[in-house]
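The values are calculated or read from the model by the stated rules, or taken from the named source; none is laboratory data. Here the structure is a predicted model, which is why all the values come from computation and not from measurement. Cβ placement follows ideal geometry from the backbone for every residue including glycine, while neighbour counts extend to all protein chains displayed. For accessibility, only protein heavy atoms count, side chains too; no ligands or nucleic acids. Shrake-Rupley method; radii C 1.70, N 1.55, O 1.52, S 1.80 Å.
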Amino acid sequence: MKIAFTTSGNDLNAPLDVRFGRAPNFIVYDLDTETFEVIDNQPSLHAAQGAGIQSAETVARSGAKALVTGHCGPRAFRVLLAAGIKVYNTEAYTVGEALALYRAGKLTEAKTADVEGHWF
Amino acid sequence: MILAVASGKGGTGKTTVAVNLARAFDREIQLLDCDVEEPNAQLFLRGIPLNQEIATIPVPLVNENLCDGCGECGRFCEYHAIVSFGAKPLVFPDMCHGCGGCAKVCPRKAIREIDNRLGVVETVQAGSITLVHGCLDVGVAMAPPLIRAVKAHLKNGLPAILDAPPGTSCPVITTLRGVDFVVLVTEPTPFGLHDLKLAVEMVRELGIPFGVVVNRVGIGDERVHEYCREQNITVLLEIPDDRRIAEAYSRGELIVEALPEYRELFLVLIEKTL
Amino acid sequence: MKELVIISGKGGTGKTSVTASFAVLADRPVIADCDVDAADLHLVLLPRIKERYEFRSGKEAVIRQEDCIGCGACLSHCRFDAVNVNRMAAGENQFSIDPVACEGCGVCVRFCPAQAIDFPERNCGEWMISETRYGPMVHAKLGIAAENSGKLVTTVRREAKRIAEAENRSLVIVDGPPGIGCPVIASITGAMLVLVVTEPTVSGEHDLERVLSLTRHFNIPTFVCINKWDLNPQMTIRIEKKARQAGARVVGRIRYDRCVTSAQMQARSVVETDAPCVDDIRAIWKNLGL
């Protein structure tokens, strides 16, 4: 199974980005092969509106079935839900820490969006 | 003649100028309140409601039976108002600009458009003034389509005054499109001058003839007048700083009625513009 | 970190003068001017610009005249009345896109049979990080006739918060835009506290009701103060009552004081002068409990 993390960097030591819609990159980690790929989220960063929606689409297309991030707004949450992707909010500092928390079963699945949408 | 009253900065007296101008005019006139986020002209003109209609924009509705989840609609939409990846598309009506593109690109013709409410447009008759005002629903972000709905009520051949929203961005531009003349209202303060310069840049970009009304003359300094002289901009009218004007305004009274000595000022402005 | 957003509904109620005063009274704040359409705070806080960034948002359609076959498909597809037609002498039509009216939807681009329409990104202005005598300031200038100030507002707020976190500053003070539309929504979503500066006029009353229903809609704690309250004391009482009924907290009144304008002309915030209304503004600041 694949898990997506929001980040500004491109490896597991990189900080976990608390923003979902406007996170610069996603690290998609494959639990089966213990490998990861970095997906550029630039198109969403420059979107006039709907960055969260577009980011959610990007995550869905990556094949990830879970997303670990800081905060997630209502529109993005709706898209992720429709795509069958579970959302986990965390305050972990790095992607690696967040992954460890996930493996240890210490993250709880979010049932709703945890912030208001930023609209644009 | 279609005249718009605008200003870079809010609260300079734009609505005051628009409603008093309309009231001082001695013939039939249309007044369109295009400040749909905060429509205030109707607070100063008590009239008989003639008509009320709901303003909408077309947003997509997906027929699930026809949709095969190809995702073309979602790839096309620049606003991320429709999203699809294999399953039935999700629609976000509040993000939609109503361009109709998704329905046009859908290869299976599975998308039709339905009306999504933005606000109301109301017409009121106040003596010789036909007031049309739009009121954006709270929580709705998109003002320009509602402004277009207000402007659709313009009747040919009848003079009109448009009360524009403040600023220089999309709602203002939507209001100013197609008008013959713009009156820019400002006040003689540093904020007033700065925002006037932005407004002048905007109307010049749009290529519409314009002039300036300076409100509350006496509170500030000469810099607005100096700027107008340097730039060869006509100062059409000066309204003095008079606490009685501010008080009459606070009660929702028209200057030309509460303080008849100022009526002459507005007649001069009519002479120069309408 | 706390974020205070100051809005007004109606323009010209003194929102920016109040914001500038708070910037002086606060302890090590970060200041954000989100009234990107008519940004005035810099006229008082006199920022020294340190960094500038181009702001791009959305796209616009541009017809390549050399490839256009004059069929008019763009005109028939455009819902925004953005296609201009020039009737040429030879009986042909020349089409062009009005950049001001174009909403960047891309329908004409997609359906042009000659693929003669480009769709570049649109430059909409710039945003800046600056230093003021009271702390860092993030501000912006929206291009003339540019749209999408909502995204620019979001950018300014986000940067101000980032600086506050990086420099360990506990308060972000945001000067918000007027109205209740996209820029305002973008400036208050997720804020900790909103202060509405209104005035005792029929317009102030009307616009306050709309702004309060907006903050209620987004579930944000809202405080209200009335500027120039003595212009119409009865109206002041009425507005305060309405504000309370709408669930807002009334935090004070500011008297009508011409010194506010004189302070502005000296490029100073009101609380840096000995204007009579300084006491009123200080009292409000205290009531906010920040």
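Only a single criterion out of (1) under 19 Å from the mean Cα position of the chain (by Cα); (2) within 13 Å of chain B (Cβ to nearest Cβ); (3) not in a loop (DSSP other than H, G, I, E, B) is not satisfied by residue C:6, namely (2). Would you tally the residues in segment B:236-274 being under 21 Å from residue B:28 (Cα atoms), open to solvent by 40 Å² or more (accessible area, probe 1.4 Å) and within 14 Å of another protein chain (Cβ to nearest Cβ)? Qualifying residue count, segment B:236-274: 1. Going through (1) outside any strand (DSSP E or B); (2) surrounded by fewer than 19 Cβ atoms within 10 Å (Cβ to Cβ); (3) within 13 Å of chain B (Cβ to nearest Cβ) one by one, residue C:147 falls short only on (2). Scanning segment C:244-279 for residues that are of a type outside the set (A, V, I, L, M), closer than 20 Å to residue B:222 by Cα and touching a residue at least 60 places away in the same chain (Cβ under 8 Å) turns up C:264, C:268. Within segment B:243-262, the residues that satisfy the criterion of being of a type in the set (Gly, Ala, Ser) and within 25 Å of the chain's Cα centre (by Cα) are B:246, B:248, B:250, B:252. Scanning segment C:38-60 for residues that are of a type outside the set (Lys, Arg) and more than 10 Å from every other protein chain (Cβ to nearest Cβ) turns up C:45, C:46, C:47, C:49, C:51, C:53, C:54, C:55, C:60.
For segment C:194-207, how many residues are open to solvent by less than 10 Å² (accessible area, probe 1.4 Å) and either at pLDDT below 95 or not β-branched (Val, Ile, Thr) (or both)?
Qualifying residue count, segment C:194-207: 5.
Assess whether residue C:124 counts as being facing chain B (nearest Cβ under 8 Å) and either not in a loop (DSSP other than H, G, I, E, B) or not aliphatic (A, V, I, L, M) (or both). So residue C:124 fails the test. Condition (residue is open to solvent by 70 Å² or more (accessible area, probe 1.4 Å) and either within 25 Å of residue C:53 (Cα to Cα) or modelled with pLDDT under 95 (or both)) applied to segment A:25-33: is it met by at least one residue? Looking for residues that are open to solvent by 70 Å² or more (accessible area, probe 1.4 Å) and either within 25 Å of residue C:53 (Cα to Cα) or modelled with pLDDT under 95 (or both), one finds none in segment A:25-33, hence no.
Among the helices (runs of 4 or more DSSP H) confined to segment A:1-119, the ones with at least 3 residues that are within 14 Å of chain B (Cβ to nearest Cβ) and within 26 Å of residue B:77 (Cα to Cα) are located at A:42-45, A:51-62, A:74-82. Taking segment B:30-66 as the range and being in a loop (DSSP other than H, G, I, E, B) and either open to solvent by 40 Å² or more (accessible area, probe 1.4 Å) or outside the structural domain of residue B:156 (by TED's automatic domain parsing) (or both) as the test, the residues that pass are B:46, B:63, B:64, B:65, B:66. When you look at residue B:233, is it more than 8 Å from chain C (Cβ to nearest Cβ) and farther than 16 Å from residue C:11 by Cα, yes or no? Yes, satisfied. Of the residues B:214, B:203, B:185, the single one that is open to solvent by less than 10 Å² (accessible area, probe 1.4 Å), at the interface with another protein chain (Cβ under 10 Å from one of its Cβ atoms), under 22 Å from residue B:33 (Cα atoms) and not polar (S, T, N, Q) is B:203. Of the residues making up segment C:9-31, those that are closer than 17 Å to residue B:191 by Cα, away from chain B (no Cβ under 11 Å) and touching a helix residue (DSSP H, G or I) at 6+ places or on another chain (Cβ under 8 Å) are C:18, C:21.
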